[in-house]
Each structure stands twice: as C-alpha cells, then as structure tokens.
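Rule-based calculations on the coordinates, nothing more; no lab input. Since the model is a prediction, treat every value here as computed from it, not as a measurement. Cβ: placed from backbone, ideal geometry, glycine included. Neighbour counts: every protein chain shown.
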Amino acid sequence: MASFPVLVQPAGLRFDAPAGTSVLLAAQAAGIKLPSSCRNGTCRACMCLLLEGEISYAIEWPGLSRDEKEEGWILPCVARAESALEIQAPLAAPIEAAPAPERPLTGARR
C-alpha cells in the first residue's frame, strides 16, 4: 500500500499517511495530535491550511465553503493524501503518554 510523507508546520513534525487513510488518523497513529472533534467533516475543529500537495475527501462535500477550499483550507479528519503534503496546523503537537497514576500503598489485603 502506498503512503505519502506529511510535513506539519510550523512545528516541523513529520509522518507518513497511508493511501486511503485520513490525514488525522495517520497523524494520530504516528503520535501526532492535530485538533479534532467530530471526525466527520462538520465541526471544522481540525481545519488547517494545505501549503503543498494534493488531497481527496472521504465525503462528498466537507464542511468548507468554496472560498475556503480555493484558499487551501482542508479538513484532515476526512482528507486523504494523494501526494506528499505540507500543512499548516499551529496547534499540532506530539502526543505525550499520560503518566501512570500513583497508587498509594494500602497494606495487606484481606
């Protein structure tokens, strides 16, 4: 299966997006958090700017106006990479593992 490199600016984060997989899911699988909420193209929480590359959508008409599409805005939750991509997503960050909660010693169990 083909995959395409994705560069996330301004953080300089990189990951590969397998063909047919949303950019959002590919980022998460690579340990990168992009803003998201609905994951179906309607809430626009994940909206970011496509600087370079080609995408296609998993749905017929994502929640973007014609003007936004022409300006290069995309919705990574439903966008699939069709080539190498460079996107601008200022809130992107590595996913950090949550520390294990401390469990106080409670003594012997009965």
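Selection of first residues in the stretch 18-33 that are more than 11 Å from residue 81 (Cα to Cα) and touching a residue at least 40 places away in the same chain (Cβ under 8 Å) and of second residues that are aromatic (Phe, Trp, Tyr) and outside any loop (DSSP other than H, G, I, E, B), restricted to Cβ pairs under 7 Å at least 6 apart or on distinct chains, gives the following pairs, ordered by first then second residue: 27/15; 32/15. Only a single item in (1) surrounded by 10 or more Cβ atoms within 10 Å (Cβ to Cβ); (2) assigned to a loop (DSSP other than H, G, I, E, B) is not met by residue 98, and it is number (1). With the requirement that a residue be charged (D, E, K, R) and over 12 Å from residue 87 (Cβ atoms), what does the stretch 34-52 give you? Of everything in the stretch 34-52, those that are charged (D, E, K, R) and over 12 Å from residue 87 (Cβ atoms) turn out to be 39, 44.
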